[in-house]
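The next block holds one structure in the form of structure tokens; read it before the comments.
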Amino acid sequence: MQATRPALLQNLQLLRILVAVQVVYGHALHEAVELFHMPQPMDPFSQMNRIDIFFVISGFATFYASRGQFGGAGEGARFLRRRLTRLIPLYWLFTGLMVLAMFLFSGEVAHASFSVEHLLASLFFVPWPNQDGETLPILILGWTLNYEILFSVLFAMALTLPLRAGMILITGIIALAALAYPFVPEHVWVLKYWSNPVMLEFVFGMGLAGLFMRGARLSRSQGVLLALGGFALLLAVTAWPDRSLPLRFIWAGIPAAMICAGFAFAPQPTTRHWLYDRAAKTAAAGYVLYLAHPFVINIVALAWRKAALGSMAGSMLLFVPVTLMASVALAVVAHRWLEKPLNRYLDKPRRPRSEPSASGALVAAE
């Protein structure tokens, strides 16, 4: 019988949705700069690296929810199937929408051309250069999913082993790949991409989860100070002129780990609170929000232009909050009426018609 896995810590749910909204804010502000022909505002929050926090949370959540499955028969395959059925359908849907937008609005879309090889590589999470030579998928935000899928495959491999051996395996592979990164030629772009030391941020998250499950705790004030210190470091490096990607796991990954540790190790709420309930519901729609918000931003910008709102006084101040609210609203609706029904359908056990239903089977929550 498969044990039900614990849910993500409430403080990390709150952090996840705060960072997701901040991602939308940064992209909406970037669009506002172009729409209103305004100079880039001196707003470090819009330029702060946020994805690193997601990578650390992902490593934390994956290990925290799956620690009891190491060494279990078939656990690696079950984990990978769950992860792929969560990530692939919506990613393919929005990649298809991006391809359609390239045909219908080629003048409005960056990187409006692609090859068949690039399309197939994008759909199957294989790093591939686009027409401009950048190793980015057709749906540009999918670059993070290339790393998420790689981590998921490695974690599924680790689950086939006992806990200690599994953790040595996944940590060793990621660490050795990171050490090899400087020596991988640029033209071997798949290995260059997958060996990027940014993968170490998932290891940071797993390490934090291990510490948490061993009883590591902070007081509320200590947690706040640690998280604020992490945010301060992330904001500080926005002014660092050489933020080269190979060192990203240091200048962004370590502050991201500090932020996650501050939220995770601080006391979790002991009673229900509307803020955490709302954060949990919105965070559940976070994946849709991440994939859909570029479309929402462009649609709102197009409507703004068509309605000639750019010249109206105060309209510049309204664009970002309107885009934020529209993105979150669409994500919540799409999660309720598209993502959840799709996940329920894909989670249904598949068995031959002649096979009787097994009573008492448990389906673990994601």
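The values are calculated or read from the model by the stated rules, or taken from the named source; none is laboratory data. No experiment lies behind these values; they were computed from the predicted model shown. As a convention, Cβ positions derive from the backbone with ideal geometry for all residues, glycine included, and neighbour counts pool all protein chains shown. Side chains are part of the model used for accessible areas, which takes the heavy atoms of the whole protein and leaves out ligands, DNA and RNA. Shrake-Rupley method; radii C 1.70, N 1.55, O 1.52, S 1.80 Å.
Output ³J(HN,Hα) for the stretch 118-127: one whole-Hz value per residue in order, computed from phi by the Karplus curve 6.51 cos²θ - 1.76 cosθ + 1.60 with θ = phi - 60°, and x for Gly and Pro.
5, 5, 4, 4, 4, 5, 10, 6, 9, x
Build a GNM of the chain with springs between Cα atoms under 10 Å: which of ALA65, ALA307, ALA326 gets the top mean-square fluctuation?
Highest fluctuation among the options: ALA307.
Applying the Karplus parametrisation 6.51 cos²θ - 1.76 cosθ + 1.60 with θ = phi - 60° to the phi angles of the stretch 288-296, what ³J(HN,Hα) value in whole Hz is obtained for each residue in order, glycine and proline being reported as x?
3J(HN,Hα) across the stretch 288-296, in whole Hz: 5, 4, 5, 6, 8, 4, x, 5, 5.
Please list the non-local residues whose amide H lies under 5 Å from the amide H of THR135, H modeled 1.01 Å from N, same-chain partners needing a gap of 5 or more.
Amide H neighbours of THR135: ASN130.
May I ask you to give the solvent-accessible area per residue for the chain, in square angstrom, as obtained with a 1.4 angstrom probe?
About 51 Å² of surface per residue is accessible.
From the backbone phi of the stretch 215-231, what are the Karplus-calculated ³J(HN,Hα) couplings (6.51 cos²θ - 1.76 cosθ + 1.60, θ = phi - 60°) in whole Hz, Gly and Pro given as x?
Using θ = phi - 60°, the values come out as x, 5, 9, 10, 6, 4, 5, 5, x, 4, 5, 5, 5, 5, x, x, 4 Hz.
Given the options PHE151, PHE55, PHE114, state which has the largest fluctuation in a GNM of the chain using a 10 Å cut-off (strictly under) for Cα springs.
PHE114
Enter the per residue convex hull volume of the stretch 84-215, computed from alpha-carbon coordinates, in Å³ rounded to the nearest integer.
For the stretch 84-215, the hull spanned by Cα atoms encloses 123 Å³ per residue.
Once you have a ≥ b ≥ c as the square roots of the Cα gyration tensor eigenvalues for the chain, tell me rounded if a/c is under 1.5, and otherwise prolate or oblate according to whether a/b is larger than b/c.
Because its axes are fairly even, with a/c under 1.5, the chain counts as rounded.
Which percent of the accessible area of the stretch 209-290 is formed by carbon and sulfur heavy atoms (probe 1.4 angstrom)?
Carbon and sulfur atoms account for 68 percent of the accessible area of the stretch 209-290.
With a cut-off of 8 Å between alpha carbons and a minimum separation of six or more residues, what is the relative contact order of the chain in percent?
28 percent
Take every Cα pair under 8 Å in the stretch 138-284 that's 6+ residues apart, average their separations, divide by the length, and report that relative contact order as a whole percent.
In percent, rounded to a whole number, it is 22.
TYR276: net charge of surrounding residues, Cβ under 15 Å, Lys/Arg +1, Asp/Glu -1, itself excluded?
Every neighbour counted, the sum reads +4.
Evaluate the Debye formula for the stretch 161-296 with equal point scatterers sitting on the alpha carbons, no solvent, and hand back log10 of I(q)/I(0) at q = 0.08, 0.17 Å⁻¹, in q order, two decimals.
The Debye formula, applied to the Cα set alone, gives -0.30, -1.21.
Give the residue from PRO267, VAL328, THR144 lying farthest towards the positive end of the charge dipole for the chain; charges sit on Cβ (+1 for Lys and Arg, -1 for Asp and Glu) and the dipole is referred to the Cα centre.
Towards the positive end, the residue furthest out is PRO267.
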